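What follows is a single structure, written as structure tokens, with notes after it.
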Amino acid sequence: MNDTQTDTLSAYNTGSEGKTLLKAEGLERKFGGLTAVADFSFELHDGEILGLIGPNGAGKSTTFNLISGFIPPTSGTLSFLGQNITSKSATYISRMGLIRTFQHESLLSEMSVADNIIIATTHRLKTAAARLERMREMAKLTGLEDYLEVTASSLPHGLQRMLSIAIALAAEPKVLCLDEPLTGLQGAEVKAALDLFEMIRSELGITILLVEHNMRAVMRICDRILVLNHGRLLATGTPEEVSQNELVIEAYLGHKK
């Protein structure tokens, strides 16, 4: 990783460490004879933004699916808020407050922006007035307040990304898992998204787990970074530590410095 990727490491990250919210111990996932994730352990601390990165095929998507309950581990344990959630469903885990977005938009494309967000409030908020208020708050936070009556499919790509985040926030997460939220965003859109992530953390008090290919963005926004390679944890540390790790450089570039 070059100097331009490390020149703004302190622009957002705080390095603070709170109590453990999410903990994985020895997670493994096999698909037949293929081991996609092996002996993966980590902790996510209250109030931090934790990055999960790795080269293509490193096992990031499988790991994300394990954490959010979309697939069960072959072995290992996963706990959230002190409760063992290893065998729990994605619905159960989301109701506990671990909410994820998806790499490919999972919007209700022919429904309005407002209705997409309102649907996400229904399992926590009982009255129509409360749901409407939450929807408007999340739309304003994500820059969608002027698009409430627009169908989701009519939004430009960047705003569709914001809508997926607004939907996740409407469900009142304790931990927000973002799956490549910057894909397809450019320039000012990336900056706006990073500002939003920091606002989610600082103003809403939501902890973030971020899977992302945009290395410069990861280095700027994350307090700590986990690096996967071939389904195993290759390195962990602060952005500066990870950016200078020879094993990480070799995994990404194919050679040492």
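Computed quantities for the displayed model
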read-out	value
Over 28 Å between alpha carbons, listed pairs LYS88/LYS126; LYS60/LYS140; LYS126/LYS174; LYS19/LYS140; LYS88/LYS191	LYS60/LYS140; LYS19/LYS140; LYS88/LYS191
The stretch 174-257, relative contact order in percent, only Cα pairs under 8 angstrom and at least six apart counted	23
Average Cα contact separation per residue, the stretch 109-171, under 8 Å, 6 or more apart, as relative contact order %	49
Mean separation of Cα contacts under 8 Å (6+ apart) over length of the chain, as relative contact order %	28
Cβ-derived FRET efficiency at R0 41 Å, THR183 paired with SER87, nearest 0.05	0.85
Where Rh is the Kirkwood radius over Cα pairs, Rg/Rh for the stretch 28-87	0.96
Between the stretch 25-61 and the stretch 186-257, the alpha-carbon center distance in angstrom	14
Alpha-carbon Debye profile of the stretch 109-171, log10 I(q)/I(0) at 0.15, 0.18 Å⁻¹	-0.36, -0.51
Gyration tensor verdict on the stretch 153-257 (Cα atoms; rounded if a/c is under 1.5, prolate if a/b is larger than b/c, oblate otherwise)	prolate
Alpha-carbon Rg/Rh ratio, for the chain, with Rh computed the Kirkwood way	0.96
Efficiency of FRET between HIS213 and LEU108 - r from beta-carbon atoms, R0 25 angstrom, step 0.05	0.40
Cα pair count fraction exceeding 11 Å, expressed as % - the stretch 83-128	75
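Only the coordinates and a few stated rules stand behind these numbers; no lab work does. Note that the coordinates shown come from a computational prediction; the quantities given were computed from them, not determined experimentally. Quick reminder, even Gly has a Cβ in these numbers, built from the backbone with ideal geometry, and neighbours come from all protein chains shown.
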